[in-house]
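Input: a single structure, listed below in structure tokens.
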Amino acid sequence: MYSSKNIIGVVGGLGNEAMVDLAMKMSVVPGHENNAYIFYGNSRLAYKPAEVGFDWLPTDIPELRKQATAVYTSRILQFLGCGVIGLACNSAHPLFREVITDIPVKFVDMIHETACFLKDEGEKILILGVSSLVESGLYQDALADNRVACVSPSLGNQKKIMSAIYDPCFGIKTAKITAQAKSLLCEVLMDEYENQGCRNVVLGCTELPLALTVESCNCFKKNGMIPQDMNVIDSSAILAEALVLTSGSEPTAPASINSYFSEYTDWFPPVTFQVDTLNEFVTIQSRIIRMTTDYLEKQGRKLEGSYMHIPVMCAVGNISGFVDMASCVTKNILDLEDDWERDVSNYFEEHFSSII
């Protein structure tokens, strides 16, 4: 059994593929087996496909919905006993920084951890991410606090980055890592190296490491697609180590989470399961993502962003009372000894009908 200070909560859903990638990186950090984990891929935290790319005001419905859903999501993880919470999304950090201020848990801040990792770096850093993140100054401010200079991509290159992530035909958000997305990102890296002298690059979007893996970057260098001396810094890998090594508090779990469900909360019961290891979670969640894209293709549809993923919750490790507590927030607890893929398939119709 684990105490709450050793139960690590991970908020995903703003890219379930990125949550899987984070779990894979956590699984190779020494000592990861000393903790238990709860991954909550709550896709209802994301913008709906038609909402992406707009400059919403805090009083607009999409922002009110995201804020209310972030509160409910965080309180669910507190209710389930998490003493530490991390977020598998860079651009949502301002929202969760605000929300978790009121919750007695330790928030491991990916942007802060990355900036501390680069403290006193003598060379300037190129920040790669979605437009909203680059324009927000999140990394710029954090790096400045650690005496690190940084630059942003050119306008033309920023458009290429957004296409590589969001294009409905080949973007990373389609859950398929395509050659076209990789090529666009390599063009950006090469151009920024040649025109701004950027040798060090921070991947400030958790989708980017899916295409710019260590192995793929080595291949790109070998083929002359990116400079040989380019240093690609993966903020997800930095977060993975920090999460595993952080000891949290013993939070007082709320007796009920119902009071945190508000008018604007966007919620759908997650498919829930419990496994023994991080690698088991990675295998099952990866399979659910593939089943999702296959289901949509049979319907003549595509995965148009994070909001379309089914919400998923998984406990990793022997967390006392997890199934009983989770039953308060879900009706879909999978029996992995049975035909769980059938159960997930039956869930798709209800899920997708709810977001049309």
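Within 28 Å of residue 171 (Cβ to Cβ), part of a loop (DSSP other than H, G, I, E, B), assigned by TED's automatic domain parsing to the domain that holds residue 64 and within 22 Å of the chain's Cα centre (by Cα), is that true of residue 284?
Values: within 28 Å of residue 171 (Cβ to Cβ): yes; part of a loop (DSSP other than H, G, I, E, B): no; assigned by TED's automatic domain parsing to the domain that holds residue 64: yes; within 22 Å of the chain's Cα centre (by Cα): yes.
Against the criterion (within 28 Å of residue 171 (Cβ to Cβ), part of a loop (DSSP other than H, G, I, E, B), assigned by TED's automatic domain parsing to the domain that holds residue 64 and within 22 Å of the chain's Cα centre (by Cα)), residue 284 does not qualify.
Tell me whether region 181-194 contains one or more residues that are in contact with a strand residue (DSSP E or B) (Cβ under 7 Å, 6 or more places away or on another chain) and not charged (D, E, K, R).
Scanning region 181-194, I find at least one residue that is in contact with a strand residue (DSSP E or B) (Cβ under 7 Å, 6 or more places away or on another chain) and not charged (D, E, K, R), so the answer is yes.
Show me the helices (runs of 4 or more DSSP H) found entirely inside region 172-252 where at least 3 residues are surrounded by fewer than 18 Cβ atoms within 10 Å (Cβ to Cβ).
Qualifying helices (runs of 4 or more DSSP H): 179-196, 214-222.
Cβ contacts < 9 Å: first residue free of Cβ contacts under 8 Å to residues at least 40 places away in the same chain, restricted to region 270-287; second residue not in a strand (DSSP E or B), any location; separation 6+ or different chain. Result?
That search, which allows pairs on different chains as well, returns 280/336.
Residue-by-condition table, conditions (1) surrounded by fewer than 23 Cβ atoms within 10 Å (Cβ to Cβ); (2) over 15 Å from residue 304 (Cβ atoms); (3) more than 16 Å from the chain's Cα centre (by Cα):
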position: 43; (1), (2), (3): no, no, no
position: 46; (1), (2), (3): no, no, no
position: 57; (1), (2), (3): yes, yes, yes
position: 62; (1), (2), (3): yes, yes, yes
position: 67; (1), (2), (3): yes, yes, yes
position: 74; (1), (2), (3): no, yes, no
position: 79; (1), (2), (3): yes, yes, yes
position: 85; (1), (2), (3): no, yes, no
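Does residue 329 meet the test of being in the same structural domain as residue 36 (by TED's automatic domain parsing), in a loop (DSSP other than H, G, I, E, B) and modelled with pLDDT under 90?
Details: in the same structural domain as residue 36 (by TED's automatic domain parsing): yes; in a loop (DSSP other than H, G, I, E, B): yes; modelled with pLDDT under 90: yes.
Considered against the rule, which asks whether it is in the same structural domain as residue 36 (by TED's automatic domain parsing), in a loop (DSSP other than H, G, I, E, B) and modelled with pLDDT under 90, residue 329 comes out as yes.
Yes/no per residue for (1) under 24 Å from residue 106 (Cβ atoms); (2) modelled with pLDDT under 95; (3) of a type in the set (A, V, I, L, M, F, W, C):
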site: 217; (1), (2), (3): no, no, yes
site: 221; (1), (2), (3): no, no, no
site: 234; (1), (2), (3): yes, no, no
site: 249; (1), (2), (3): yes, yes, no
site: 256; (1), (2), (3): yes, yes, no
site: 278; (1), (2), (3): yes, no, yes
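Say we look at region 131-158 and pick out the residues that are of a type in the set (Ser, Thr, Tyr) and under 15 Å from residue 201 (Cα atoms); which of these is nearest to the chain's Cα centre (by Cα)?
Restricting to residues being of a type in the set (Ser, Thr, Tyr) and under 15 Å from residue 201 (Cα atoms), the top hit is 139.
Can you name the residue in region 314-326 that is part of a helix (DSSP H, G or I) and in contact (Cβ under 8 Å) with a residue 60 or more places away in the chain and, of all such residues, is surrounded by the most Cβ atoms within 10 Å (Cβ to Cβ)?
Once the filter is applied, the top-ranked residue is 326.
The values are calculated or read from the model by the stated rules, or taken from the named source; none is laboratory data. Quick caveat: nothing in here was measured; it's all calculated off a predicted structure. Every residue, glycine as well, gets a Cβ built from its backbone with ideal geometry; the counts of neighbours run over all protein chains shown.
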